[in-house]
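To start, the structure under review is shown below, and the notes come after it.
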Amino acid sequence: MKISQLSTFIENRSGRLRAACEALAASGINIHTLCLADSRDFGILRLIVADPLAGKAALEAAGYVAQLTDVLAVEVADSAGGLARVLATTDEAGLDIEYMYAFSTAPGQQAVVIIRFSDPDRALAELQRRGLNVVEPVKLLQG
Amino acid sequence: MLRENWNDAGPGFHPVSSSDYLPAAQLRDLQLRRLKSIVGRAYAHVPLFRERMDARGLTPASIESLADLGRLPFTVKADLRDTYPFGLFASPMSEIVRLHASSGTTGKPIVVAYTAEDIQVWSSVMLRTFAAAGISRGDIVQNAFGYGLFTGGLGAHYGLEAIGATVVPVSGGNTDRQVMLLRDFRVNAICATPSYFLHLIERAAELGIDLRDLPLRAGVFGAEPWTPEMRQRIEADAGIKAFDIYGLSEIIGPGVASECSAQSGLHVFEDHFYPEIIDPETGAVLPDGEEGELVLTTLSKRAMPMIRYRTRDITRLVAEPCACGRTLRRMERVGRRSDDMMIIHGINVFPSQIEAALLAVEGALPHYRIVLRREHGLDQMHVEIEVSPEFFSDRIGAMEELRRRIAHSIHNVTGLNVAVRLAEPHSLPRSEGKAKRVWDERQDSQ
């Protein structure tokens, strides 16, 4: 299953990231994990939240431009070479990765990475066919 | 022989400059004769002028006095665009020896033409410009106006050669080389845009060169508006006298008006360019001394006569005698315009051009603003654009690409390299009523 990722445009000005987080907090939206990509003048905040639709509405109400995109949560063995093996599989399948970041997990649990593929549908089919565990949103967000 | 002896008359005078001192009655008589002739020429050879005069029941014979000029219709920048490229020419191409072009309002340039006689007139008014600035034969003059389609470079070049000065045709840019030439050639005078010269002063200081130690004594500055404070800074930091000149391609290029040693307003070369001041709202002609929009009529131009061209520059005409003895009326330094045209590095830019560039990329007009700042003495245009949902992407590469495409599109339309900044929605200031698009912060940050 694909996961809906919330992303928003943040100007590189003091207080803007905080205000976005406060907008989510005010709507009671918990952030499971995030990744902030930055350029000189702006950043793009990507978030995995419990309720992406409500999160998008909360950000837009606060004046942010927000978007939902499909990403995949892929289980990775929490041992040396775990991520490399996953990437070997995506390479073999010829899948194009835009970016990725780690999902926060408790120590001892299986590691999970969030991957934004250029073509999430094809990626999902290919990964499942090749036996990788693509985590269900429900299971992922239980914790 | 004259050419070899005139320098004895002292700097500031040249035989060609004698037209600057015509008695008023003689000047008005000359203007009227030339006005009748130019209106006849425009009517005979340019359909746009003929149709507009016909529509008002006017013929060239309607011009019996200089005051009758006020009965003729105005010409505006859009007329040059609508007749692009050659529709306003009054001479066959076989008589046209030069074309120049400057930016228009929608990406199409404004094209202007010159016959050999026009080039001669242009050289003579530029000669008078340099003579008024005290430049003469024997002076080495660095011409940092851009050479090419822009009228600045070649206009100044011909005037300098006509006066007999030694021209260094360096054109714009390459500041380190400009500084080197100023020092090594022992240059006496420079032509540049004022903002570029401020940049040059700063660069020279970085290179350990104090311009006040060089023989440089005069600067001829134009092609963009500048403030009295800028002039003070230029004169103090470079140890020179800074002269303001005025012109526009539609009329001839530089050489419409220039300052003399009194530095108190710009003498209009009104034996060739007849000035009127009008109320920009009603079009009514205002008397000398009142502030309004400058309207110019070319009195001797052959290839492209211009009848009552609305410059959009706000100024006033001063008829009182000048300390220098010239009888030509003066116009005050142009500080603002009656439209929203911006002048950056001597290039004319309209907000509508920026809008056209944004539309070309996004398909719809985002909320944006234009901020003009002076950074290190150089004018810089910043375009700030609010990111709309349609153009937001979670991929940083896509956003950088969007910014590049916008900058590229603006460069295509205006020829300018601008700094594009993407902004959050609703983050840019909004004004009540008519949208304010341009924030000129150049006055605040000298």
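Only the coordinates and a few stated rules stand behind these numbers; no lab work does. Since the model is a prediction, treat every value here as computed from it, not as a measurement. All Cβ positions, glycine included, derive from the backbone under ideal geometry; neighbour counts span all protein chains shown.
Look at the stretch A:64-74: the mean tally of other chain Cβ atoms within 10 Å of its residues' Cβ atoms is 3.
Calculate the tail of P(r) for the stretch A:3-69: the fraction of all Cα-Cα distances greater than 14 Å, expressed in %.
Numbers: 1112 of 2211 pairs.
Roughly 50 percent, once rounded to a whole number.
With coordinates expressed along the principal axes, the C-alpha atoms belonging to chain A extend over 42, 32, 27 Å, beginning with the largest.
The Cβ shell under 11 Å around A:Arg40 holds other residues with a net charge of -1, Lys and Arg each +1, Asp and Glu each -1. Between 0 and 90 degrees, the angle of helix A:120-129 with respect to the longest Cα principal axis of chain A falls at about 30 degrees.
Tell me whether the stretch B:254-299 comes out rounded, prolate or oblate; compute the Cα gyration tensor, take square roots of the eigenvalues as a ≥ b ≥ c, and use a/c under 1.5 as the rounded threshold. Oblate, because a/c is 1.5 or more while a/b does not exceed b/c.
What order do you get for B:284-291, B:374-381 when each peptide is scored by the mean count of other beta carbon atoms within 10 Å, highest first?
Numbers: B:284-291: 12.8, B:374-381: 18.0.
Top of the packing list down: B:374-381, B:284-291.
Only the Cβ atoms of Lys and Arg (+1) and of Asp and Glu (-1) were treated as charged; on that basis the dipole of the protein assembly as shown about its Cα centre amounts to roughly 860 debye.
Each Lys and Arg contributes +1 and each Asp and Glu -1, all at the Cβ; summed about the Cα centre of the stretch A:3-69, the dipole is approximately 100 debye. Out of B:Pro47, B:Pro60, B:Pro228, any idea which swings most in a Gaussian network model of chain B, alpha carbons joined below 10 Å? Most flexible of the set in this elastic network: B:Pro228. Across the options B:Ile110, B:Ala238, B:Ile63, the greatest Cα extent toward the positive end of the charge dipole of the protein assembly as shown (unit charges at beta carbon of Lys, Arg, Asp, Glu) belongs to B:Ile63.
Using a cutoff of 8 angstrom between alpha carbon atoms and counting only pairs six or more residues apart, the relative contact order for chain B works out to 14 percent. Can you give me the orientation-averaged projected area of the convex hull built on the Cα atoms of the stretch B:218-331, in nm²? With every direction weighted equally, the projected area is 7.4 nm². Peptide A:34-44 shows a mean partner chain C-beta count of 4 within 10 Å per residue C-beta. Oblate is the label for chain B, because a/c, from the alpha-carbon gyration tensor with a ≥ b ≥ c as root eigenvalues, is 1.5 or above and a/b does not exceed b/c.
Sorted ascending by nearby beta carbons within 10 Å, beginning with the fewest, B:Tyr368, A:Tyr101, B:Tyr196 become A:Tyr101, B:Tyr368, B:Tyr196.
In the P(r) worked out for the stretch B:28-177, what percent of Cα pairs fall beyond 22 Å?
For the stretch B:28-177, the share of Cα pairs beyond 22 Å comes to 55 percent.
Just the Cα atoms of the protein assembly as shown, one point each, no solvent: what log10 I(q)/I(0) does Debye give at q = 0.10, 0.12, 0.13 Å⁻¹? Treating every Cα as an identical point scatterer, log10 I(q)/I(0) equals -0.89, -1.12, -1.27.
The residues packed around B:Asp118, meaning those with a beta-carbon under 11 Å from its beta-carbon, carry a net charge of +1 if Lys and Arg are +1 and Asp and Glu are -1. Over the residues of chain A, the helix contribution to mean residue ellipticity at 222 nm works out to -9000 deg cm²/dmol, using -39500 (n - 2.57) for each DSSP H run of at least 4.
Rounded to the nearest 20, the Cβ-based charge dipole of the stretch B:163-238 about its Cα centre (Lys and Arg +1, Asp and Glu -1) stands at 220 debye.
Hydrodynamic estimate: the Kirkwood radius of the stretch B:350-440 over Cα pairs, inserted into Stokes-Einstein at 20 °C and 1.002 mPa s, corresponds to D of 158 µm²/s. For the stretch A:70-140, the C-alpha radius of gyration divided by 2.2 N^0.38 Å, with N the number of residues, is 1.02.
Considering only the stretch B:2-339, what is the antiparallel percent among its DSSP beta bridges, to the nearest 5? In the stretch B:2-339, approximately 65 percent of DSSP beta bridges are antiparallel ones.
Rounded, prolate or oblate, given the Cα gyration tensor of the stretch B:284-334, with a/c below 1.5 counting as rounded? Judged from the Cα gyration tensor, the stretch B:284-334 comes out oblate (a/c at least 1.5, b/c at or above a/b).
Take peptides B:35-42, B:204-211 and line them up by average Cβ neighbours within 10 Å, highest first, as a rough protection proxy. Numbers along the way, then the final one.
Numbers: B:35-42: 20.1, B:204-211: 14.2.
Going by the mean number of other Cβ atoms within 10 Å, highest first, we get B:35-42, B:204-211.
Give me the percent of DSSP beta bridges within the protein assembly as shown that run antiparallel, rounded to the nearest 5. Approximately 75 percent, going by the DSSP bridge assignments.
Cross-link partners for A:Lys2 among the aspartates and glutamates, with Cα-Cα distance under 15 Å and sequence neighbours closer than 8 places in the same chain left out: A:Asp51, A:Asp70, A:Glu75, A:Asp119, A:Asp121, A:Glu126, A:Glu136.
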